[in-house]
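The values are calculated or read from the model by the stated rules, or taken from the named source; none is laboratory data. What you see is a predicted model; the values in this text were computed from it and never measured. Heads up, the Cβs are rebuilt from the backbone with ideal geometry, glycines too, and the neighbour counts pull from every protein chain shown. For accessibility, only protein heavy atoms count, side chains too; no ligands or nucleic acids. Shrake-Rupley method; radii C 1.70, N 1.55, O 1.52, S 1.80 Å.
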Amino acid sequence: MVQLRLRDAPNRELAHILSDGEKRALALAFFLAEVVTAGVPCGIILDDPVASLDQERRHAIARRIAVESSNRQVILFTHDIAFLFHVQMEAEALGLVPKM
C-alpha cells in the first residue's frame with residue numbers, strides 16, 4: 001500500500017487539499033506506475049482520463065498512452081475529440097497506427 005503525504009501538511013488528508021484535477025493526475029500516475037512495475041503486459045482501459053486536467057497534464061497523458069500502446073493494448077473511452085486527436089498524433093509519431 002502506498003500513501004502520499006504533503007511535507008508541509010503531513011496530517012491533512014489530500015482529499016481536502018487537492019483539486020479534482022490534481023487528484024485525477026495522482027491517481028493516473030499511481031495507476032500507470034503500477035501497470036509498468038507489474039511485469040505483465042496486460043491491457044489498459046481508460047475512461048475519460050483527462051477530465052479536469054490542465055493542458056500540460058493532458059499532453060503528458062496523451063504521450064504516455066501512446067507509449068503504453070506500443071507495448072500493450074490500450075482501450076480509451078473519451079468524449080474529448082481534441083484529446084483523442086492528440087493521442088493519435090503522439091502514436092503516429094512513434095510509428096504506431098491507432099485503431100478507432
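Determine, at each q value in 0.19, 0.20, 0.27 (inverse angstroms), the log₁₀ of I(q)/I(0) that the Debye formula gives when each Cα of the range 1-55 is one equal point scatterer.
Reported log10 I(q)/I(0), two decimals: -0.81, -0.86, -1.13.
How much of the accessible area of the chain, probe 1.4 Å, is carbon plus sulfur, in whole percent?
C and S fraction of accessible area: 56 percent.
Ranked from highest to lowest mean number of other Cβ atoms within 10 Å per residue, what is the order of the peptides 14-22, 45-53?
45-53, 14-22
What number, in percent, do you get for the relative contact order of the chain if the mean sequence gap of Cα pairs under 8 Å and at least 6 apart is divided by its residue count? If you can, show how the numbers build up before the last one.
Values: 78 pairs, mean separation 23.7, N = 100.
Rounded, it is 24 percent for the chain.
Run lengths n ≥ 4 of DSSP H only: what is the helix-derived mean residue ellipticity at 222 nm for the chain, with -39500 (n - 2.57) per run over all residues, to the nearest 500?
-15000 deg cm²/dmol
Of all the stretches in the chain, which is the longest one without any exposed loop site, taking trypsin sites (Lys or Arg not before Pro) in a DSSP loop (any state but H, G, I, E, B) with at most 11 other Cβ atoms within 10 Å?
13-98
Once the chain is represented by equal point scatterers at the alpha-carbon sites, with solvent omitted, what log10 I(q)/I(0) does the Debye formula produce at q = 0.14 Å⁻¹?
Log10 of I(q)/I(0), two decimals: -0.59.
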